[in-house]
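The values are calculated or read from the model by the stated rules, or taken from the named source; none is laboratory data. Quick caveat, the model's predicted, so the values are computed rather than measured. As a convention, Cβ positions derive from the backbone with ideal geometry for all residues, glycine included, and neighbour counts pool all protein chains shown.
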Amino acid sequence: MADSVRERVIAIIAEQAVLDVADVRPEATLQDLGIDSLGLVESIFAIEEAFDITVPFNANDPAQNAAFDISSVKAIIAAVERLVAEQKGA
C-alpha cells in the first residue's frame with residue numbers, strides 16, 4: 001500500500017506543478033516545486049478524492065494543524081498514509 005500511496009501522491013503533486021513525476025523529490029517543498037496556495041488547495045482536493053479521505057481543515061497552517069504536515073513531499077506522503085490507515089482501522 002505504501003508504494004501506491006507514495007506514487008499516487010507524487011503523481012498528484014507533479015500534475016499540479018506541471019512537472020514530470022521524476023522531478024518530484026521527497027525532500028522538495030511545494031514552494032520548491034512552484035506550487036502556490038491555490039495549487040496547494042487543488043492538490044489537497046485531488047488527494048482527498050483519490051484516497052477517499054478528509055484532510056484536516058487548516059492543513060496549510062502548521063501552527064493550527066500539526067496532524068497533516070505539508071512541509072515537504074515526504075511529509076505529505078506520510079500524512080496521507082496515516083489518514084488512509086486510520087480510515088481502514090489500522
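Restricting the range 14-25 to residues that are at pLDDT 95 or above and touching a helix residue (DSSP H, G or I) at 6+ places or on another chain (Cβ under 6 Å) leaves a set whose member that is surrounded by the fewest Cβ atoms within 10 Å (Cβ to Cβ) is Val21.
Given the structure, is Ala11 modelled with pLDDT of 95 or more and surrounded by fewer than 15 Cβ atoms within 10 Å (Cβ to Cβ)? Walk me through how you get there before you give the answer.
Values: modelled with pLDDT of 95 or more: yes; surrounded by fewer than 15 Cβ atoms within 10 Å (Cβ to Cβ): yes.
Yes.
The residue pairs whose first member lies in the range 27-46 and is at positive phi and small (Gly, Ala, Ser), whose second member is surrounded by 14 or more Cβ atoms within 10 Å (Cβ to Cβ) and in a loop (DSSP other than H, G, I, E, B), and whose beta carbons are closer than 9 Å, counting only pairs six or more residues apart or on different chains, are Gly34/Leu19. Quick check on Ala59: is it at pLDDT below 95 and surrounded by 15 or more Cβ atoms within 10 Å (Cβ to Cβ)? Judged against the criteria, Ala59 is a match.
When Asp32 is tested against (1) assigned to a helix (DSSP H, G or I); (2) modelled with pLDDT of 95 or more; (3) surrounded by 13 or more Cβ atoms within 10 Å (Cβ to Cβ), just one condition goes unmet, and that condition is (1).
Which members of the range 73-87 meet the condition of being among the acidic types (Asp, Glu) and surrounded by 16 or more Cβ atoms within 10 Å (Cβ to Cβ)?
Step one: of the range 73-87, the residues among the acidic types (Asp, Glu) are 81, 86.
Within the range 73-87, Glu81 is the sole residue that qualifies.
Keeping to the range 28-44, report how many residues are among the β-branched types (Val, Ile, Thr) and touching a Ser or Thr at 6+ places or on another chain (Cβ under 8 Å). Even if it seems obvious, please write down each step before you answer.
From the range 28-44, those among the β-branched types (Val, Ile, Thr) are 29, 35, 41, 44; that's our starting set.
Narrowing further to those that are touching a Ser or Thr at 6+ places or on another chain (Cβ under 8 Å): 29, 35.
Selection size over the range 28-44: 2.
Summed over the range 69-90, the residues that are part of a helix (DSSP H, G or I) and either within 11 Å of Val55 (Cα to Cα) or over 11 Å from the mean Cα position of the chain (by Cα) (or both) give a count of 9.
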